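Asks: Would you mind keeping the following structure in view while I ask a few things?
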Amino acid sequence: MAEVATTRRSRITPEREAELYAAVLELLREVGYDALTMDAVAARTRSSKATLYRQWGGKPELVAKAIRHNKPGNIADVDTGSLRGDLHALTTREDDCTMQQNAALMRGLFMAVHSNPDLLQAFKELLIEPEMEEFHRVVQRAVDRGEVEAGRPALDYIVHMLVGAFATRTLIDDQPPTQAFLTSYIDAVVLPALGIPVD
């Protein structure tokens, strides 16, 4: 499987791959997941459908990889020396405008996931599980430093808290998520739940 994936990727340059992913995200914002077709991606990127299927296998994998590619670096690469610093740094990797665009995109995709098992599977394998593994390394560093007790119950719910704040900001407050809101939420909710004092 790994050999197949490597063979697929070798047929396209990183620059071309980035261009294709950008086009996929543009189309997703324009028409949504259900109306997005491989024909439309091929036309927008001046590619053949055969190339797209050979490289990505299908629409779910292509969309999941485009979302993953759009993420600003690996989560585990953020290491400020404290969990508070790490969480704040992760929050500020995207400016408010980009965060707002991505929040709208993800809301649409979360709805599509519920009716598309293949998209859900692609999201789990290519996006959610790798990011959870990276995030776990960030949290484990905090445990290893002695910032957080290893048995702290809230450790299992950090991602749920953060995603919940991001996802419900528009629903509850009728405002998009912002850096200021998320960093304030981290200090008021996440860190106290972990037993980390905030000055």
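Asks: Regarding region 77-86, can at least one residue be identified that is polar (S, T, N, Q) and either in a helix (DSSP H, G or I) or within 19 Å of residue 126 (Cα to Cα) (or both)?
Replies: No, region 77-86 contains no residue that is polar (S, T, N, Q) and either in a helix (DSSP H, G or I) or within 19 Å of residue 126 (Cα to Cα) (or both).
Asks: Let me ask you something else. Which of the following residues is touching a helix residue (DSSP H, G or I) at 6+ places or on another chain (Cβ under 6 Å) and under 20 Å from residue 76 (Cβ atoms): 190, 143?
Replies: On inspection, the qualifying residue turns out to be 190.
Asks: Mind checking whether some residue in region 81-100 is closer than 26 Å to residue 13 by Cβ and not charged (D, E, K, R)?
Replies: yes
Asks: Looking for something in a helix (DSSP H, G or I), in the same structural domain as residue 120 (by TED's automatic domain parsing), modelled with pLDDT of 95 or more and not polar (S, T, N, Q) - is there at least one such residue anywhere in region 41-53?
Replies: No, there is no match, as no residue in region 41-53 is in a helix (DSSP H, G or I), in the same structural domain as residue 120 (by TED's automatic domain parsing), modelled with pLDDT of 95 or more and not polar (S, T, N, Q).
Asks: Restricting region 22-38 to residues that are within 17 Å of the chain's Cα centre (by Cα) and assigned to a helix (DSSP H, G or I), which is nearest to residue 113 (Cα to Cα)?
Replies: 28
Asks: Let me ask something additional. Can you name the condition, by its number, that residue 12 falls short on among (1) within 17 Å of the chain's Cα centre (by Cα); (2) outside the structural domain of residue 186 (by TED's automatic domain parsing); (3) modelled with pLDDT under 90?
Replies: (1)
Condition check ((1) assigned by TED's automatic domain parsing to the domain that holds residue 12; (2) under 23 Å from residue 135 (Cα atoms); (3) in contact with a strand residue (DSSP E or B) (Cβ under 7 Å, 6 or more places away or on another chain)) across all residues:
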site: 32; (1), (2), (3): yes, no, no
site: 35; (1), (2), (3): yes, no, no
site: 61; (1), (2), (3): yes, yes, no
site: 94; (1), (2), (3): no, yes, no
site: 97; (1), (2), (3): no, no, no
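Asks: Checking residue 128 against (1) over 20 Å from residue 74 (Cβ atoms); (2) of a type in the set (A, V, I, L, M); (3) without any contact (Cβ under 8 Å) to a residue 24 or more places away in the chain, only one condition comes out false. Which one?
Replies: (1)
The values are calculated or read from the model by the stated rules, or taken from the named source; none is laboratory data. Note that the structure is predicted; figures quoted are calculated from it, not measured. Heads up, the Cβs are rebuilt from the backbone with ideal geometry, glycines too, and the neighbour counts pull from every protein chain shown.
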